[in-house]
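The values are calculated or read from the model by the stated rules, or taken from the named source; none is laboratory data. Note that the structure is a prediction, hence the values are computed from the model and not measured. Neighbour counts are summed over all protein chains in view; Cβ atoms, including those assigned to glycine, are modelled from backbone coordinates with ideal geometry. For the accessible areas, the whole protein counts, side chains as well, though only heavy atoms, and no ligand, DNA or RNA atoms are used. Shrake-Rupley method; radii C 1.70, N 1.55, O 1.52, S 1.80 Å.
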Amino acid sequence: MTGAIQAAGLPHEPATAILGLSSEEALVRLRADGPNLLPGSEPQSFWKMALGVMKEPMFLMLLAAGAGYLVLGDTAEATFLLASVFLIVTLTIFQEQKTQRALEALRDLSAPRALVLRDGRELRIASREVVRGDVLVVREGDRIAADAALLEGALEADESLLTGESVPRPKLPHPQNGHSPDADDESGASLYAGTVITQGAGLARVHATAGLTAMGRIGLALATTQPPASRLYRQSRRIVRGFAGAGLAVAVLLVLLAWLRDGQGFVASLLPAIAFAMAVLPEEIPVVLAVFLALGAWRLSRQKILTRRVDAIEVLGAITVLAVDKTGTLTLNRMELVELAGLNTVFKAGSDTPLPAALTELLECAMLATPLKPFDPMEKAIRAVGNARLTPDSRALLGAEPVRLYPLTPQLLAVTHAYESGSPGQYFLASKGAPEAIMGLCRLEARKREAVQQQVQDMAARGLRVLGVACGEWQGTELPGSQQDLSLRFVGLLGLADPLRPTVPQAIQDCHEAGIRVIMMTGDHPVTASAIARQAGLPNPTDVLTGAEIDAMDDGALRNRLRSASICARLRPEQKLRLVRALQADGGTVGMTGDGVNDAPALKAADAGIAMGERGTDVAREAAALVLLDDSFASIATAIRQGRHVDDNIRSAVRFIFAVHTPIVALALIPALLRWPVLLLPAQIILLELIIDPACSILFEAQPADPRLMRRPPRPATDSPFALRNMAYGLLQGFGLALTLLLANWFMLDQGWHAAEIRTTLFVSLVAGLFFLVLVHRHSVNVLKNPWLPRLAAAVAVLLSLVLWLPWLRGVMGFIAPSGRGAVGLLLILGAVTLWLLALRHLSAVLQGATEGKGLWQSHRP
């Protein structure tokens, strides 16, 4: 036992016998409890995932449409649709693999090796072989292999990936040495799997492994938490299924009417039915969603934002609440020395002014009390400021090694380094630690102690982690055995903090202007959270909701409390998940940002999870829908802007799709019912699709964004592009175009025009009318600024020229060469269509109180 303790650098305590388990007992427990691995599931095979995708109605509709076009010989349209099928399959399989990858990332965080006591001696084993009751030997830099209770020693542990608290937490043995805390105990003796020892050494007894650890519970929560299904995809599936079912039913009716009522042959009866079914099927809708979201993800990637779940881009436009983690999201997740305070002098370390002479000794002593190559983040921060501020001839920069180190102990939270002063028996002492411990070592008189304590309280109230610094001298042949026997002089205080990211205040202001509420969720101390909230510009920074208060509330009370609270502190991972669900239950569309393991379940459950990519953990990145590659909080506003832009363009495309399909359906259905000659043949509908698809998937996607996107409130989460109030405008546009074309057909039939001539005139009028729909469509930015508009116009002109002037192609399409009276009829039809579209646009603006310069969102609000 003694050798093990001494090897760990710990004081010898004869009263304690820590031998660890025997090899036989460890083997029995390993067989009983299983390996120390996080819970996971076997990955599904590619074909199993693909089979699941094939059951999706959207997949079946696209596949059927593509096959139909292939049978009809239109390989271009078939290729386009089948490529979309491939895209949807790929994206869905990618989503299915996310949970497995997140769990694998959690397993990778476990220490690959652990040092344990077995049979009374140290033995290094694989972390998967650690069992309950094992005694871990832990030192600075070690990653803990399992949840354990500290038995001996004094150390500090970085638990930021579990708690969100950036400052390492001190760990001391429990007063009852045999105490084994349960999984929810947060005592200072608890060590957690996956956390890192930043200072000190000790012995700890394992009390939980694998899925029973705090890390394991997060893994279980992650495995059982399902990301919310995209409302947009659900609605689009209903629309596609509904139109497909209705189109098939009417097509069957048309076949029966032509066959039984009119006495036509079965094949002849089938022709108008096929044309109608093709006209009704809105296959552009799934294509538009896939293309718009994929291109939105590509645009975000150029802004250093990685999209892991493409449907989250559309959700960004509806975010009403942004729940942000403090550590690593609002802050840099990097400790910095920000303030040096003497008895009468205070210096901000980030200022451009030179270090006051009165504080030079303070910084030198702090440096000398810090290792030359520190592991602890606070000690790294002290070294960084000392190297930058002290002169090269300072004794703190000479690289001297201490001859004696007095480590942190449970009884005294301070460290002291002793250096030779040049003469035999003379030593210089440098000490730093908890202010109370340093004041005790300096034996401050009551009045001076009160002044220092007040200074400490003021610094702590501003969210600073405060350390006291002292120095002294010792004369004698030997240094004393205890720090309490040293003679030290109080020098001053150091204030350290995890600083706010410089871009955060402006980004939060942008969110507020966009109607998005920002709530901080952190595992850190309420005082620290309040200080950061004040710097960031969050409202009511003193109104803090704590984890203990959350546990005492039912769901209803929690929802009510969250309507006013903007800061939630001392949170456990499961509480963050509960908060996200409470905000969603209260009608909010929640965006969640975070970077730690403790954020992963909430990131996955949020409507849009956003992880930090640079300093964030793999687990957070795998669980999130979006990853900020540059860790800039300001990028969140960029992502929301892009989400709103994509949503605007999807709405425009949906209105255009219904405006386009209305006259096509009318021209395919009405002639069959009224026994008119067929106006639209399947080949002509395919030709129309070659015009409609690029207009939907390219022209509308490239429409520039409204400059006032971030000055309007979020759209309601229930407001869909497929809502009647959005589609109604397109339907009315299409109704006017359809009515004009049908009246023109009736007039031309009455005047004795040939069927082919009527078909040619109406088809050209329909194509021109569709182009007019684009020009007069409600856009937040002038459509003439769209770079794809002239390209589309040129392509349409070339296509019509080929169809009308190439005899063989004209014959395939059932057209004739254009005539003079056909041109006159075309101009009259286009004039009537233009008047209808402009009148409808003006009426819409008057009824809705909108002007032409207002954004798209205002234009489709009731």
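Observations on the model:
- Segment Ala793-Glu473, extension gain: residue separation times 0.36 nm, minus the distance between their alpha carbons: 106.5 nm
- Solvent exposure ordering (accessible area, 1.4 Å, most first) of Lys304, Lys326: Lys304, Lys326
- Summed side-chain charge close to Arg581 - residues other than Arg581 whose Cβ falls under 13 Å, Lys, Arg +1, Asp, Glu -1: 0
- Burial order of peptide ranges 704-714, 790-800 (average beta-carbon count within 10 Å, highest first): 704-714, 790-800
- Each peptide in 403-412, 385-394, 525-534 receives the mean, over its residues, of other Cβ atoms within 10 Å, and ordering these scores from highest gives 525-534, 403-412, 385-394.
- Area accessible to solvent at Leu21, 1.4 Å probe radius, in Å²: 20 Å²
- Solvent accessible area, Å² - Lys380, 1.4 Å probe, full protein context: 110 Å²
- Mean separation of Cα contacts under 8 Å (6+ apart) over length of the stretch 438-490, as relative contact order %: 50 percent
- Whether the stretch 336-497 is rounded, prolate or oblate, judged on the alpha carbon gyration tensor where a/c under 1.5 counts as rounded: oblate
- Each Cα pair under 8 Å and six or more residues apart adds its sequence gap; the mean of these over the residue count of the stretch 483-581 is a relative contact order of 30 percent.
- Net charge of the neighbourhood of Gly422, taken over other residues with C-beta under 13 Å away and scored Lys/Arg +1, Asp/Glu -1, is -1.
- Calculated FRET value between Leu731 and Asp555, using beta carbons and R₀ = 51 Å, to 0.05: 0.80
- Rg over Rh [alpha-carbon atoms, Kirkwood Rh] for the stretch 732-803: 1.06
- Segments 819-826, 513-520 sorted - mean Cβ within 10 Å per residue, highest first: 513-520, 819-826
- Relative contact order of the stretch 336-497, defined on C-alpha pairs under 8 angstrom at six or more residues apart (%): 26 percent
- Computed extension gain for Leu27 through Thr391, at 0.36 nm per residue and net of the alpha carbon distance, reaches 125.2 nm.
- Extending 7 Å from Cα along the Cβ direction at Gln303 and again at Arg708 yields two label points whose distance is 2.0 nm.
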